[in-house]
1. Please go through region 24-56 and pick out each residue that is among the acidic types (Asp, Glu), surrounded by 13 or more Cβ atoms within 10 Å (Cβ to Cβ) and within 16 Å of the ligand (Cβ to nearest atom).
2. Mind checking whether some residue in region 125-132 is touching a Phe, Trp or Tyr at 6+ places or on another chain (Cβ under 7 Å) and crowded, with 22+ Cβ neighbours inside 10 Å?
3. Among Val293, Val297, which is touching a Lys or Arg at 6+ places or on another chain (Cβ under 9 Å) and more than 11 Å from the ligand (Cβ to nearest atom)?
4. Pairs please, first residue from region 273-290 and among the hydroxyl-bearing types (Ser, Thr, Tyr) and within 11 Å of the ligand (Cβ to nearest atom), second anywhere and modelled with pLDDT under 95 and not in a strand (DSSP E or B), Cβ atoms under 7 Å, 6+ apart in sequence or on different chains.
5. Check Ala60 against each of (1) within 16 Å of the ligand (Cβ to nearest atom); (2) in contact (Cβ under 8 Å) with a residue 40 or more places away in the chain and name the one condition it does not meet.
6. Checking Pro84 against (1) in contact (Cβ under 8 Å) with a residue 40 or more places away in the chain; (2) under 21 Å from Glu15 (Cα atoms), only one condition comes out false. Which one?
7. Any residue that is touching a residue at least 12 places away in the same chain (Cβ under 8 Å), open to solvent by less than 20 Å² (accessible area, probe 1.4 Å) and assigned to a helix (DSSP H, G or I) - is there at least one of those in region 1-14?
8. So, in region 216-234, exactly how many residues are without any contact (Cβ under 8 Å) to a residue 24 or more places away in the chain and either in contact with a strand residue (DSSP E or B) (Cβ under 6 Å, 6 or more places away or on another chain) or among the polar types (S, T, N, Q) (or both)?
Amino acid sequence: MYKACITGIGSYVPEHVLTNADLERMVETSDEWIVTRTGISERRIAAPWQATSDLAYHAAEAAIAHAGLTADQIDMIIVATSTPDHPFPPVACQLQHRLGCRHIPAYDLGATCVGFLSALETAAQFIATGKHKHILVVGADTLSRVTDYTDRTTCILFSDGAGAFLLSRQEEGRDQGILHTATHADGAHFPHLYVPGGGSRHPQPVAPDTKAKIVMDGRKIFKLAVTSMAQTVRETIQAAGIDASDIDWLIPHQANQRIIDAVAEQLAFPPEKVISTVKHYGNNSAATIPLAVDQAVRDGRIRRGDTLLLVAFGGGLVWGSILLTY
Ligand code: UT7
């Protein structure tokens with residue numbers, strides 16, 4: 001069995017910044033309420049001409065360059081997204097074509113905000129068995145396209161962005177890579193966070209009373225997020241046979257600073273070892289974790305050899321964690 005390690009990382013966020021002051025003009029809210037309850041000050045929103053594949057392309061290009069590879073060396077592409085450009089084809093196929101990759105396998109994986117972790121877990125299996133050597137894993141979402149900007153309980157949270165890892169077979173003599181993965185689902189919780197319209201149950205154009213926009217029970221999701229993320233971190237630490245103090249960085253899904261703080265507190269994890277980007281980028285679903293890792297690698301906090309614990313939850317309900325050495 002081979003170990004999968006990260007050889008390249010990249011991310012992309014659109015230029016347009018939607019601030020709390022902008023939202024104050026759109027719904028009945030305040031900068032003070034949003035910052036206190038969520039920790040978010042601003043978020044990035046895709047331009048009208050941009051779709052998920054455009055964001056994914058920029059992040060993918062950066063990850064390939066960071067790895068020092070060329071597109072024709074990639075053996076497979078997996079894109080985690082809940083907001084593809086179209087119901088089909090997969091965003092991954094658009095990416096394969098635009099990057100100029102060979103006729104390699106390329107498909108999307110939908111596991112909402114855990115999608116990037118599920119895609120990493122899947123890619124790591126293909127590398128472990130020796131089937132593929134270099135796999136491009138992208139998390140990309142344009143949640144602004146499914147956000148209701150008249151609903152103050154959701155529009156303050158969501159945003160757009162993309163992040164990518166180039167996952168490669170570990171070379172001889174290197175001791176890096178994915179050490180443990182754990183992902184879970186409980187479909188009983190689906191009504192607490194979902195998009196009612198736009199799928200095969202209520203196709204477009206949607207009935208007037210059925211929105212193709214996010215519907216969420218914020219309080220319920222908040223509690224589920226904290227308990228499920230704390231549980232899966234404990235599970236991974238135990239399964240890997242390590243101590244929490246062995247982890248250099250906890251990188252949680254960026255949904256709400258209060259959720260991040262509550263998870264760290266439950267795990268007695270020092271706040272200075274938790275990476276947060278939610279203040280400037282909000283929640284861009286499958287993109288939050290690779291975006292946060294990319295930022296921390298580029299600003300020098302995360303270094304080669306550091307142990308990272310990635311943890312996420314999302315609509316489904318889905319949750320999971322991945323332990324790796326960078
Ligand atoms: O990837 C997963 C995505 N989803 C999440 O992570 C969501 C998790 N949940 C949350 O982040 C939080 O529950 C929210 C930020 C959505 C809401 O924060 P909260 O502290 O749970 O507030 P709440 O729902 O308990 O609402 C408190 C009050 C309510 O007013 P009343 O009933 O006390 O009079 C709301 O109507 O705040 C009101 N409220 C707002 N006020 C100003 C709700 N949204 C806003 C707003 N501005 N934007």
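1. Pass one, region 24-56, residues among the acidic types (Asp, Glu): 24, 28, 31-32, 42, 54.
Those left that are additionally surrounded by 13 or more Cβ atoms within 10 Å (Cβ to Cβ): 24, 31, 42, 54.
Those that are among the acidic types (Asp, Glu), surrounded by 13 or more Cβ atoms within 10 Å (Cβ to Cβ) and within 16 Å of the ligand (Cβ to nearest atom): Glu24, Asp31, Glu42.
2. Start the filter on region 125-132 by keeping residues that are touching a Phe, Trp or Tyr at 6+ places or on another chain (Cβ under 7 Å), which leaves 127-128, 130, 132.
Narrowing the set further to residues that are crowded, with 22+ Cβ neighbours inside 10 Å leaves 127.
Yes, the conditions are met somewhere in region 125-132.
3. On the way: Val293 fails: touching a Lys or Arg at 6+ places or on another chain (Cβ under 9 Å).
None of the other options fit; the residue is Val297.
4. So the pair list comes out empty.
5. Only one criterion is unmet by Ala60, namely (1).
6. Going through the list (1) in contact (Cβ under 8 Å) with a residue 40 or more places away in the chain; (2) under 21 Å from Glu15 (Cα atoms), Pro84 breaks only (1).
7. At the first step, the residues of region 1-14 found to be touching a residue at least 12 places away in the same chain (Cβ under 8 Å) are 1-14.
After this cut, where a residue has to be open to solvent by less than 20 Å² (accessible area, probe 1.4 Å) as well, the list is 4-6, 8-10, 14.
Imposing the further condition that a residue be assigned to a helix (DSSP H, G or I) reduces the set to none.
No: region 1-14 contains no residue that is touching a residue at least 12 places away in the same chain (Cβ under 8 Å), open to solvent by less than 20 Å² (accessible area, probe 1.4 Å) and assigned to a helix (DSSP H, G or I).
8. Here is the first cut: in region 216-234, the ones without any contact (Cβ under 8 Å) to a residue 24 or more places away in the chain are 219, 223, 227.
Okay, now just the ones that are also either in contact with a strand residue (DSSP E or B) (Cβ under 6 Å, 6 or more places away or on another chain) or among the polar types (S, T, N, Q) (or both), so 227.
Residues that pass the stated criteria total 1.
The values are calculated or read from the model by the stated rules, or taken from the named source; none is laboratory data. As the structure is a prediction and not an experimental result, all values here were calculated from the model. For neighbour counting, all protein chains shown are included, and Cβ atoms are generated from backbone atoms with ideal geometry for every residue, glycine included. Heads up: the accessible areas ignore ligands, DNA and RNA and are worked out on the full protein's heavy atoms, side chains in. Shrake-Rupley method; radii C 1.70, N 1.55, O 1.52, S 1.80 Å.
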